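Have a look at the structure below, then the notes.
The values are calculated or read from the model by the stated rules, or taken from the named source; none is laboratory data. Computed from a predicted structure; not experimentally measured. Cβ: placed from backbone, ideal geometry, glycine included. Neighbour counts: every protein chain shown.
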Amino acid sequence: MITFEGVTKRYGDGTVAVDNLSLRVPTGAVTVFVGPSGCGKTTSLRMINRMIEASSGRILLDGRDVREIDPPTLRRGIGYVIQQAGLFPHRKIVDNVATVPYLLGWDKKKARARAMELLERVGLDTKLAGRYPFQLSGGQQQRVGVARALAADPPVLLMDEPFSAVDPVVRTSLQDELLRLQAELHKTIVFVTHDIDEAIKLGDTVAVLRVGGRLAQIADPATLLSRPEDDFVEGFLGRDRGIRRLSFVPASGVAVRSEPHVPGWNVVLDGDGRPLGWRPDDAATPSGAPVNRTGSRDGSAPAPDGVLPFGAFDPAKDSLRAALDAALLAPSGCAIAVDGAGRFQGIVTREALDRALLQAGGAEPARPAGSGSSTPREVGDEAGNSGSGVSDRSSATGGSDGPSSSRGPGGDGAAAHG
Amino acid sequence: MNWLIDFFGDPANWSGPDGIPVRLLEHVEFSAVALLLSMLVAIPLGLLIGHTGRGAVLVVIAANAARALPTLGLVVLIVLLVGVGTTWPVLVPLVALAVPPILVNTYEGVRGVDEDLRDAAYGMGLRGGQVLFRVQVPVAMPLILLGLRIAAIQVVATATVAAYVGLGGLGRYIIDGLATKDFPSTIGGAVLVALLALAVQLCFTLLQRVLVSPGVSRRTRLR
């Protein structure tokens, strides 16, 4: 656990970068510092490993004031990832990753073996180990940066806008990779970003800072979205808070009908029971061989003639947002529920979605297991203070819901029929 | 051309204390000693100033002084002050000539290392000296070598002035040749100095290959 106790950073010219910041960074979870430029988020991060010294207040690392620890020793115990990766250009990738193990005096063979293991862990081909940083793409360099930070297995990881210099597609994959790693490693991560979407995606806790270095709000992402403390936080969160918050509501509570048709529309399945799309009732049944193509879940794969696109979601894993999105993609207005293997489970009608949305609107959201994160999270932490529907813990983690499942985030009686 | 043939064809020029091998050796010796002394002064200073950022004014002064320095005048002055006969007076202007390029390039090289890189190095837990020698110096190596190369070539070229004050080296051929109107000797000496300078250049190119990481010079093939 990292604790900020009234931490202030004031520069010689009187500028206050961080103003009396007090917060806790829980062990084994991702805490994101987010805010506009000039809000002191990076300064706050850098005070943890003493790259910047606090003017007043204390920062405790597992109860120990960081100022009692000699900076290099402190830093060797804390992984540090920066924006441009900051790889040493004159060293091969493997030696870059092994930087801290070398500093700690590991023997070369052990350090290199560890480095190779980490390269694999962050999803890099170990063939890259013998290359130099300039031979890698930005995204690859950033992965190496993460591997390097993890090399000596530090319990704490500081990440200073690590993904903001790569293109959006690479950024998304790096974010997913980080969440996957975190699910395995359970590091205490402090992550700085100016991107609120990144904060919401990655954070177990999000601390919003305002210009002048004051804490505006600290909360889990769902609470942040549903109850921003003031206009600044609300403005910073941006538009579509309601819809984005649905990412944190599991779709497991939505009522699913097992019949593959609704009035006017039929679901076309392939030989493995995977949906291919919707066909209107009046369309002719295609002649010829049975359709046997693998449709992708978002319906982007070419569908047979006369079959219209569809949207699908997995009630066991996906959020209500995914379910709503799936419904909006289909001409029938209904979402298709699939199981983990992508096989048809049932149909979710607009009415069923409406009921689930209504429940979600009042309830404190619980975080579904697969809403972009595989990190186990404390579900329903904050339930009970909203007064309305208290989320049922099992709703978030409840596994394979049958086609007629009716458990909802709002508890009993959410939707029992199709 | 004939003068060159005269000079290099004369067997008397290839042996004895006046012969080309001896003179060449003397020349290389002066130059090497001067360069080593300059390195001893300029490299630590350049590293220190580049690493700490303190004392940059010194570098600016050195850089400007280098342009204004009258080498020959300095040699004569020193000789007048200490008398003829020893080697070291001639080293003073050579060192004074070689220090600025080494100092300036070492400083620039170290100071110019990417801020992010330094930040990452400290953030990983490297200490100041480790940041300097494990990160800044390797990355600055091409510039440091460039400074040394410039200095070495200037020293080799300028060491001819040693002959003015009665010392050996390839300058003897030039100065004596001029004095006795022995133009083949003058031209031959000049050509030898030029060849030596080229040889120095070549040495540094090879040194660069060995000392600069392929990751910095970016001259490695993808594997």
- prompt: Mind checking whether some residue in region A:161-173 is small (Gly, Ala, Ser) and within 27 Å of A:Met1 (Cα to Cα)?
  reply: yes
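Restricting to region B:60-81, name every residue that is of a type in the set (Val, Ile, Thr) and in contact with a helix residue (DSSP H, G or I) (Cβ under 6 Å, 6 or more places away or on another chain).
Of all residues in region B:60-81, those of a type in the set (Val, Ile, Thr) come to B:60-61, B:71, B:75-76, B:78-79.
If the condition is that a residue be of a type in the set (Val, Ile, Thr) and in contact with a helix residue (DSSP H, G or I) (Cβ under 6 Å, 6 or more places away or on another chain), then B:Thr71, B:Val75, B:Ile78, B:Val79 are the ones that fit.
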task: Report yes if some residue within region A:27-45 is of a type in the set (Phe, Trp, Tyr), within 28 Å of the chain's Cα centre (by Cα) and more than 11 Å from chain B (Cβ to nearest Cβ); otherwise report no.
output: yes
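So which residues in region B:168-223 are part of a loop (DSSP other than H, G, I, E, B) and within 30 Å of A:Ser137 (Cα to Cα), if there are any at all?
B:Val212, B:Ser213, B:Arg218, B:Arg219, B:Thr220, B:Arg221, B:Leu222, B:Arg223
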field: Qualifying residues in region B:19-32 (those that are β-branched (Val, Ile, Thr) and buried (at least 17 other Cβ atoms within 10 Å of the Cβ)) - the one modelled with the lowest pLDDT
entry: B:Ile20
- request: Give the residues of region A:85-132 that are more than 14 Å from chain B (Cβ to nearest Cβ) and among the basic types (Lys, Arg), sorted by residue number.
  value: A:Lys108, A:Lys109, A:Lys110, A:Arg112, A:Arg114, A:Arg121
message: If a residue counts only when it is within 14 Å of chain A (Cβ to nearest Cβ) and under 30 Å from A:Gly145 (Cβ atoms), which helices (runs of 4 or more DSSP H) contained entirely in region B:52-148 have at least 1 such residues?
response: B:88-111, B:115-124
field: Members of region A:134-143 that are within 14 Å of chain B (Cβ to nearest Cβ), crowded, with 22+ Cβ neighbours inside 10 Å and of a type outside the set (S, T, N, Q)
entry: none
task: Just give me the residues in region A:96-112 being in a helix (DSSP H, G or I), in contact with a helix residue (DSSP H, G or I) (Cβ under 9 Å, 6 or more places away or on another chain) and more than 15 Å from A:Gln135 (Cα to Cα), in sequence order.
output: A:Val97, A:Thr99, A:Val100, A:Pro101, A:Tyr102, A:Leu103, A:Lys108, A:Lys110, A:Ala111, A:Arg112
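Please verify whether region B:155-170 includes one or more residues that are at pLDDT 90 or above, farther than 14 Å from B:Gly46 by Cα and surrounded by fewer than 22 Cβ atoms within 10 Å (Cβ to Cβ).
Within region B:155-170, the subset at pLDDT 90 or above is B:155-156.
In the following step, the residues that additionally are farther than 14 Å from B:Gly46 by Cα were identified as B:155-156.
If we keep only those that are surrounded by fewer than 22 Cβ atoms within 10 Å (Cβ to Cβ) as well, we get none.
Looking for residues that are at pLDDT 90 or above, farther than 14 Å from B:Gly46 by Cα and surrounded by fewer than 22 Cβ atoms within 10 Å (Cβ to Cβ), one finds none in region B:155-170, hence no.
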query: Taking region B:1-43 on its own, how many of its residues are of a type in the set (Phe, Trp, Tyr), in contact (Cβ under 8 Å) with a residue 12 or more places away in the chain and closer than 20 Å to B:Gly169 by Cβ?
result: 3
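Restricting to region A:158-183, what's the tally of residues that are charged (D, E, K, R), surrounded by fewer than 21 Cβ atoms within 10 Å (Cβ to Cβ) and either closer than 19 Å to A:Leu209 by Cβ or in contact (Cβ under 8 Å) with a residue 40 or more places away in the chain (or both)? Walk me through how you get there before you give the answer.
Within region A:158-183, the subset charged (D, E, K, R) is A:160-161, A:167, A:171, A:176-177, A:180.
Then keep just the ones that are surrounded by fewer than 21 Cβ atoms within 10 Å (Cβ to Cβ); that gives A:161, A:167, A:171, A:176-177, A:180.
Filter once more, so that each one left must be either closer than 19 Å to A:Leu209 by Cβ or in contact (Cβ under 8 Å) with a residue 40 or more places away in the chain (or both): A:161, A:176-177, A:180.
Counting residues in region A:158-183 that are charged (D, E, K, R), surrounded by fewer than 21 Cβ atoms within 10 Å (Cβ to Cβ) and either closer than 19 Å to A:Leu209 by Cβ or in contact (Cβ under 8 Å) with a residue 40 or more places away in the chain (or both) gives 4.
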- prompt: What residue, among those in region B:182-223 that are within 14 Å of another protein chain (Cβ to nearest Cβ) and hydroxyl-bearing (Ser, Thr, Tyr), is nearest to A:Lys127 (Cα to Cα)?
  reply: B:Thr220
message: Looking at (1) crowded, with 22+ Cβ neighbours inside 10 Å; (2) in contact (Cβ under 8 Å) with a residue 60 or more places away in the chain, which one does A:Arg121 not meet, given that it meets all the others?
response: (1)
query: Looking at region A:47-84, which of its residues are among the charged types (D, E, K, R), at the interface with chain B (Cβ under 9 Å from one of its Cβ atoms) and surrounded by fewer than 24 Cβ atoms within 10 Å (Cβ to Cβ)?
result: A:Arg76
query: If you check A:Arg58 against the conditions, is it under 23 Å from A:Val144 (Cα atoms), touching a residue at least 24 places away in the same chain (Cβ under 8 Å) and among the basic types (Lys, Arg)?
result: no
